[in-house]
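A.B. asks: Dumping the structure here so I can ask a few things about it.
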Amino acid sequence: MTPLEPLILRRIATTGPLSLAEYMAECLLHPEHGYYTTHEPFGTAGDFTTAPEISQMFGELLGLSLAQYWLDLGRPAPFTLAEIGPGRGTLMADVLRATARVPGFHAAAQVVLIEASPALRARQRATLGQHPVTWANSAADLPQAPLFLLANEFFDALPIRQFTRDAAGWRETMVTARDGRLAFALSAPAPLALLDHRLADTRPGDVVEVCPAAAPIIAEIAARIAAHGGTALVVDYGGWQSRGDTLQALQDHAYADPLADPGAADLTAHVDFQALAHAAAPCPVSALTPQGLLLERLGIAARSAALAQRLTGTALASHLSATHRLTDPSEMGTLFKALALHAPGTPPPPGFAAGQT
Ligand code: SAH
């Protein structure tokens, strides 16, 4: 048993079963025993590897898309260059290096990292060296200014609620206790206004997930983009609509039972991009774009070839394998998707096609 499991069992004994959102929040963010509190989850030594940790090209290409868009919008100054959920700071470091030679871009940028964990803030400080950066606790603290924001594998880490369709109502997946261990159970069926819009496209037995924390965060970001201009690039795994049970635990780069070791495994769920798009109103969103296609449009083939020219042996092999991992449909190429929010009356940023209106 992990140190967190008896605490969760006691909470269930006292106040009843937990929603998945409550369970995930305990597992990820418990101040003493939570996963993000106690682990350095990223990289080969951690439990999972993200796109910026796989290759510098990911941040370089997204950074150049942001910088080109900033030029296209007439070089607004000052502006906020922000990232939410920056992990080790690798993505922002690659963005800053790639954009250093775009005239005026760094001078106009105020770099803001939205990160709650003090340990990760220190990690980001170390990665970004001397570059001037400020930290914010939440999207609500972002300056009122043009905003160019990145979110990679952030929304998948937010707690979800999960529902199974009944005849005309929904049963919620709960975490309860059985024989002294954690176990899943379904609540009694009840109608739920939150899911009225899913009655038309689901049948009894279908599972859908809702991420209550995502909409307010997107709304804060969209309000700044609508008022001052800019864009937000959201990259994550998921689809246009939530469908099926996507709660997943990762431990040592392998899938694990989400209830087996609370606090010791990373817990994530697929992102429902349609819900993000709804929460972005009045900002329009781009077409939902597979990561591989986005990186190809932004020039990964040429960038990869240029980097390959300087490499030999195992360094060359690992560079070519990283390119493949980021773009191939059998790897991250289609599972991961990107969505761009932009201001009403402006086109989406480079790499993205306009969404349906
Ligand atoms: N974007 C990084 C790391 C993704 S992991 C990468 O691509 O490598 C998720 C990140 O979101 C971590 O930095 C974690 O500390 C942060 N995070 C998770 N929940 C959060 C919350 N509720 N508020 C702010 N940051 C959060």
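A.B. asks: Hey, among the residues in segment 211-229 that are small (Gly, Ala, Ser) and part of a loop (DSSP other than H, G, I, E, B), which one's farthest from Phe155 (Cα to Cα)?
C.D. replies: Step by step, filter segment 211-229, then rank; the result is Gly229.
A.B. asks: Taking the options Gly87, Gly46, Gly74, name whichever one is surrounded by fewer than 18 Cβ atoms within 10 Å (Cβ to Cβ), not in a helix (DSSP H, G or I) and not β-branched (Val, Ile, Thr).
C.D. replies: After ruling out the rest, the residue left standing is Gly74.
A.B. asks: Scan segment 90-115 residue by residue and report those that are farther than 25 Å from Gln144 by Cβ and open to solvent by less than 40 Å² (accessible area, probe 1.4 Å).
C.D. replies: Thr90, Ala93, Asp94, Ala98
A.B. asks: Tell me, which helices (runs of 4 or more DSSP H) wholly within segment 243-308 include 1 or more residues that are aromatic (Phe, Trp, Tyr)?
C.D. replies: In segment 243-308, the matching helices (runs of 4 or more DSSP H) lie at 273-279.
A.B. asks: Which of the numbered conditions does Asp236 fail, given that it passes all the others? Conditions: (1) part of a strand (DSSP E or B); (2) modelled with pLDDT under 95.
C.D. replies: So the condition that Asp236 fails would be (2).
A.B. asks: Looking at (1) within 20 Å of Phe148 (Cα to Cα); (2) open to solvent by 60 Å² or more (accessible area, probe 1.4 Å); (3) touching a residue at least 60 places away in the same chain (Cβ under 8 Å), find the lone condition where Leu341 falls short.
C.D. replies: So the condition that Leu341 fails would be (2).
A.B. asks: Out of Ala200, Ala167, I need the residue that is free of Cβ contacts under 8 Å to residues at least 12 places away in the same chain and either open to solvent by 40 Å² or more (accessible area, probe 1.4 Å) or among the basic types (Lys, Arg) (or both). Which one?
C.D. replies: Being free of Cβ contacts under 8 Å to residues at least 12 places away in the same chain and either open to solvent by 40 Å² or more (accessible area, probe 1.4 Å) or among the basic types (Lys, Arg) (or both) holds for just one of Ala200, Ala167, which is Ala200.
A.B. asks: Considering each residue of segment 90-132, count those that are within 19 Å of Glu40 (Cβ to Cβ) and polar (S, T, N, Q), and give that number.
C.D. replies: Residues flagged as within 19 Å of Glu40 (Cβ to Cβ) and polar (S, T, N, Q) within segment 90-132 amount to 4.
A.B. asks: Next question. Open to solvent by 10 Å² or more (accessible area, probe 1.4 Å) and either modelled with pLDDT under 95 or of a type in the set (D, E, K, R) (or both), is that true of Leu128?
C.D. replies: Taking the combined requirement at face value, the residue does not satisfy it.
A.B. asks: A further question on this structure: Which strands (runs of 3 or more DSSP E) does segment 111-207 wholly contain that include 3 or more residues that are within 13 Å of the ligand (Cβ to nearest atom)?
C.D. replies: Answer list for segment 111-207: 147-152.
A.B. asks: Only one residue in Phe154, Phe148, Phe184 is in contact (Cβ under 8 Å) with a residue 60 or more places away in the chain, farther than 24 Å from Leu339 by Cβ and among the aromatic types (Phe, Trp, Tyr). Which one?
C.D. replies: Phe184
A.B. asks: Next question. Going by what's in this entry, would Ala45 be described as away from the ligand (no atom under 11 Å from the Cβ), under 30 Å from Gly333 (Cβ atoms), at pLDDT below 95 and out of contact with any Phe, Trp or Tyr (no Cβ under 8 Å at 6 or more places or on another chain)?
C.D. replies: So Ala45 passes the test.
The values are calculated or read from the model by the stated rules, or taken from the named source; none is laboratory data. Treat the numbers as computed from the prediction; the structure is a model and nothing was measured. Note: ideal-geometry Cβ built from the backbone for every residue, glycine included; neighbour counts use all protein chains shown. Note: accessible area is taken over every heavy atom of the protein model, side chains too, but ligands, DNA and RNA are not part of it. Shrake-Rupley method; radii C 1.70, N 1.55, O 1.52, S 1.80 Å.
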